[in-house]
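A quick write-up on the structure given underneath.
Nothing in this text is a laboratory measurement; each read-out follows from the coordinates by a stated rule. Being a predicted model, the structure only gives us computed values, none of them experimental. Glycine gets a Cβ as well: all are built from the backbone with ideal geometry, and neighbour counts include every protein chain shown.
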Amino acid sequence: AKYVYDFTEGNRNLKDLLGGKGANLAEMTNLGLPVPPGFTITTDACRHYLAAGVVPDGLEQEVAEHLDALEKQMGRRLGQADDPLLVSVRSGAKFSMPGMMETVLNIGLNDESVHGLAKQAGGNDRFAWDSYRRLIQMFGKTVLGIDGDLFEHALDTLKGKRQDTDLDAGELQGLVETFKGIVHEQTGKDFPTDPREQMRLAVMAVFDSWNAPRAILYRRQERIPADLGTAVNIVAMVFGNVGNDSGTGVAFTRDPGTGRQGIYGDYLQNAQGEDVVAGIRNTIPLEELERIDKRSYDELLGIMETLENHYRDLCDIEFTIERGKLWMLQTRVGKRTAAAAFCIATQLVDQGLITIDEAVTRVTGDQLAQLMFPRFDGGADKKKIAKGMNASPGAAVGKAVFCSERAVELSEQGEDVILVRRETNPDDLSGMIAAKGILTSRGGKTSHAAVVARGMGKTCVCGAEELEVSTSEGRFTAPGGVVVSEGDVISIDGTSGEIYLGEVPVVDSAVVEYFEGAEPEDELVKAVDRIMSHADSVRRLGVRANADTPDDAARARRFGGQGIGLCRTEHMFLGERRQLVEDLVLASTDEARQAALDALEPLQKADFTEIFRAMDGNPVTIRLIDPPLHEFLPDIVDLSVKVATDGATDKDRKLLAAVKRLHEQNPMLGLRGVRLGLVIPGLFAMQVRAIAQAAKEVPGARPEIMIPLVAAVQELESVREEAAKILAETGVEALIGTMIEVPRAALTAAQIAEAAEFFSFGTNDLTQMTWGFSRDDVESAFFSRYLDQGIFGVSPFETLDREGVGRLIRIAVEEGRSTRPDLHLGICGEHGGDPDSVHFCHDVGLDYVSCSPFRIPIARLEAGRAAL
Ligand code: ADP
Ligand code: MG
Ligand code: MG
């Protein structure tokens, strides 16, 4: 195996093997840019070392050969006493992990070669001793594992109020002695003076730094695989610390915050490596380099342009100037904000560097989502009182309220409110809709509050456990005894999870205003507009909305939704209509039941009429009632208390009996969905009639009737027959189809497709049933542990589990189409708005995805990206 690549041998496509830094150093070398010579030890070697505990056979030999070649090229030997070559030993993994791993500079210095280095620099003793003390400091910390503060402290004591550049050669020489003392004291050994031994130890330390705790943590957060390993780059040293004609800097080829072209960078004279970012002295803006060293400055600008044109993207760079000579030490395609990503992508199209197709692939749905949330004004004064989980991004300000009714009341009076609950449940929906934001003290990122809030695009901080919430007293207590009572203004940041007392000013998202219909004006919105239009023109997947109300339906249209993929009907039975549902449940005769249904029908019809109007000729998939009936009845505890007191009515007692009768151990697996339709005569028929009547009233209405929770074709057949009859009687045309959300339905899709004109994958339930866990219960119980242990990298409720749930979907798609080739296929679980899941839906051949109105633009963009 080949474990070592000279910079002249690599290129930027070899990131897997050479790491990002090594691959790009090679790329720059081959572009003819001034890169100090060097070579890269591959990630293969690192993986071998980490697995076996020893470096692979032949590595040392290969390194020695490359070092020989480097020494020949440079005309000096590593650490040679009278004229030393020095090198840096630098980590560099495939994905950049800024500051997470180790690098050691000035390898090759010892008590003899320090004098040789001074001679090289024209008798500059100060510079040589400064380099030597840096080596001991970095080597001591990184390779020998000594607490870096010990060195820092010694340096600070020596400096006093002076800057590091004020130390003279004698003082730095003294500091070297002090540092050597620290090494001896801490390790019981002398600082290693053999240059090759220094290098060998540094290489292994870089390998080991892959598994440093902070690196592990970073990878977990950024979802970088744990087994990639790092490459190691050995680079001939160039020196920015020789004097004021030298220095080091970092720069971006354009502004990573806005994408604007210009000079963005920092420079520090007479400094080395990390000094710029470590903040040891104040840096100067890069523009000022023009005054200090115009030749190097001009050359640098030229190189930045070369790099942009070559990488066709924003690059960031590290450079050093040694006595008027510019050296490039690193480049990579730079990180940027979401706003900059959109602007840069379209700027590059205008510059002719990339195509508009490429521009679409350069931005992500997650970045678009970030642009859609309002934000707190970063510069404002804030009084933070607690922190919870950042469940749904955005910034919300309002009066704290502790129940839904109050939230609705105040918002109707034009007040902004934040709904504060211990946790929310479906009954809080009206309050959640009325509120600007939602704050809970319990529950994780997939708790009811979090999921619903995200679906609505509403700011939510959940699980703020530091808060003592008392809904009955209408107040909460935060750490430090801060009490917030109903009506007190609070501000919550769903992007960071932070909670503030009082009003923090909010800035609106221009991108949302654009989706709402505003003309694109600023550069960012114009960029979003261009990219969205192109994504729409290339995508194959349709995008529909999960929308239950006319308002949501209308927003869905404005946001580009091409219909409704899921219109839930259950919330249409809440509020004042509960009464009628109670009557339905309590009905002891056919007449009584029919009377209750008859009372519900016109209300349902009105619901649908409005939604059909809002959808304006686009398809509307209506799911017949799905949840267990007891969800519509009063709480068992409340009711028991009531029945035990004097004021209870006969109906209360009957209701309590019904609640007890309908109580289920596992409601998720109980009497719900199609099962309900089969057990309660007339319920589904009433809904279908309401749909048909409404469709007749709205010209062009395109209803699709969807039966939930089907597991066997027989269930579907009997409901379908009844529905088809009603449609025929009213003369309305509508597709009849089913959700695929029970694994058995996926596995028997060929049969089910014979009775269904469409499938819509209900991936929330399908995920629950495939994994065998109930979302409401597992979240707080063990999900965080599963994520920590890497059992899954991301919650399967957030991103569709391709291997398991995805496999079932694949089976259902293939088998369903085998018996009905024109079977229409969509997805209506929350995954429909998740970027990775959208790509899966494209790959597996669905016709559309359906998601909450607010996520429609994200799904449109990702569907476009998936098609490219
Ligand atoms: P990181 O990945 O943390 O940026 P680097 O390997 O890039 O670490 O190195 C740390 C610092 O040392 C950077 O500022 C880099 O430019 C500088 N540096 C690395 N190698 C050399 C070298 N051969 N000569 C001069 N400076 C170097
Ligand atoms: Mg670097
Ligand atoms: Mg379901």
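In what sequence do GLU798, GLU27, GLU516 fall when counting other Cβ within 10 Å, fewest first?
Ascending Cβ contact count within 10 Å gives the list GLU516, GLU798, GLU27.
Report Rg (one decimal) and Dmax (nearest whole number) for the chain, counting Cα atoms only, units Å.
Looking at the chain, its Cα Rg and Dmax stand at 33.1, 108 Å.
Hey, what did the range 61-201 get for relative contact order, percent, Cα under 8 Å, at least 6 apart? Let's see the in-between values first.
Values: 173 pairs, mean separation 31.7, N = 141.
Relative contact order comes out at 22 percent.
In the range 400-414, which residues have a backbone nitrogen under 16 Å from the label point lying 7 Å from ARG578's Cα in the Cα-to-Cβ direction?
In the range 400-414, the label zone of ARG578 (backbone N under 16 Å from the point 7 Å along Cα→Cβ) covers 403-409.
How do CYS851, CYS460 rank when sorted from fewest to most other Cβ atoms within 10 Å of their own Cβ? Walk me through the numbers before you get to the answer.
On the way: CYS851 30, CYS460 33.
Going from sparsest to densest Cβ surroundings: CYS851, CYS460.
Using alpha carbons only, how many degrees (0 to 90, rounded to 10) separate the axis of helix 148-159 from the longest principal axis of the chain?
With rounding to tens, the tilt is 50 degrees.
With every atom except the alpha carbons ignored, what do you get for Rg and Dmax of the range 734-833, in angstroms?
Values for the range 734-833 (Cα only, Rg and Dmax): 14.6, 48 Å.
Find which of PRO602, MET686, MET668 sits farthest along the positive direction of the dipole of the range 586-736, computed with +1 on the beta-carbon of Lys and Arg, -1 on that of Asp and Glu, about the Cα centre.
Value: MET668.
For the range 247-333, count all C-alpha to C-alpha pairs, find those more than 16 Å apart, and express that count as a whole percent of the total.
48
Angle between the Cα long axis of helix 856-867 and the longest principal axis of the chain, 0 to 90 degrees, nearest 10?
60
Could you estimate the translational diffusion coefficient of the range 453-497 from the Stokes-Einstein equation, with Rh from the Kirkwood formula over C-alpha pairs, at 20 °C and 1.002 mPa s, in whole µm²/s? All intermediate terms of the calculation are to be shown ahead of the outcome.
Numbers: Rh = 11.8 Å.
Rounded to a whole number, D works out at 181 µm²/s.
Could you work out how far the C-alpha centroid of the range 685-758 sits from that of the range 593-669, in angstrom?
Their Cα centres are 21 Å away from one another.
If all Cα-Cα distances of the range 603-726 are sorted into 5 Å bins from 0 onward, what percent lands in each bin, rounded to whole numbers?
2, 10, 17, 16, 14, 13, 11, 8, 5, 2, 0, 0
For the chain, what is the charge dipole size about the Cα centre, in debye to the nearest 20, if Lys and Arg each add +1 at the Cβ and Asp and Glu each add -1 at the Cβ?
Magnitude of the dipole: close to 680 debye.
Under unit Cβ charges (Lys, Arg +1; Asp, Glu -1), what dipole magnitude, rounded to 20 debye, does the range 68-195 have relative to its Cα centre?
Result for the range 68-195 is approximately 420 debye, rounded to the nearest 20.
Please arrange PHE207, PHE252, PHE782 by counting, for each residue, the other beta carbons lying within 10 Å of its beta carbon, fewest first.
PHE782, PHE252, PHE207
So how far, in whole Å, is the C-alpha centre of the range 102-171 from the one of the range 224-271?
Comparing the Cα centres of the range 102-171 and the range 224-271, I get a distance of 21 Å.
For PHE792 and LEU669 in the same chain, what is the full-extension length gain: residue separation times 0.36 nm, less their Cα-Cα distance, in nm?
Extending this stretch completely gives an extra 41.8 nm.
Where does the Debye-calculated log10 I(q)/I(0) of the range 374-508 sit at q = 0.18, 0.19, 0.21 Å⁻¹, using only Cα point scatterers of equal weight, no solvent?
Debye curve over Cα of the range 374-508, log10 I(q)/I(0) at q = 0.18, 0.19, 0.21 Å⁻¹: -0.86, -0.97, -1.22.
Among ILE827, LEU727, MET769, which residue has its Cα positioned farthest towards the positive end of the charge dipole of the range 677-828, with +1 placed on the Cβ of Lys and Arg, -1 on the Cβ of Asp and Glu, and the dipole taken about the Cα centre?
Positive-most Cα among the choices belongs to LEU727.
Treating only the Cβ atoms of Lys and Arg (+1) and Asp and Glu (-1) as charged, compute the dipole magnitude of the range 777-855 about its Cα centre; round to the nearest 20 debye.
Details: 7 positive and 14 negative charges, 36 e Å.
Computed about the Cα centre, the dipole is about 180 debye.
From the convex hull of the Cα coordinates of the range 706-777, what is the mean projected area in square nanometres?
Quarter of the Cα hull surface area: 5.1 nm².
Would you mind estimating how fast the range 535-680 diffuses translationally, via Stokes-Einstein at 20 °C and 1.002 mPa s with the Kirkwood radius over Cα pairs, in µm²/s? Don't jump to the answer; show the numbers that get you there.
Details: Rh = 17.4 Å.
This corresponds to a translational diffusion coefficient of 123 µm²/s.
Find the relative contact order for the range 709-811 and round it to a whole percent, using C-alpha pairs within less than 8 Å whose residues are 6+ positions apart.
Worked out over the range 709-811, it gives 27 percent.
Can you quote the Å³ per residue value for the convex hull of the Cα atoms in the range 8-70, rounded to an integer?
Each residue corresponds to 78 Å³ of Cα convex hull volume.
Share of Cα-Cα pairs in the range 42-236 beyond 26 Å, in percent?
38
Taking the 0 to 90 degree range and rounding to the nearest ten, how far is the long axis of helix 125-142 tilted relative to the main principal axis of the chain, both from C-alpha atoms?
That helix lies at roughly 40 degrees to the long axis.
For the range 142-283, take the convex hull of the Cα atoms, compute a quarter of its surface area, and give me that in nm², please.
So the Cα hull casts an average projection of 11.7 nm².
Consider just the alpha-carbon atoms of the range 68-131 and return their Rg together with their Dmax, both in angstrom.
14.0, 41
Provide the descending list of Cα extents for the range 367-442 along its principal axes, expressed in whole angstroms.
That works out to 34, 28, 26 Å along the principal axes.
Picking from LEU586, PHE402, PRO426, whose Cα lies most toward the positive end of the charge dipole for the chain (charges on Cβ: Lys, Arg +1; Asp, Glu -1)?
Of the listed residues, the answer is LEU586.
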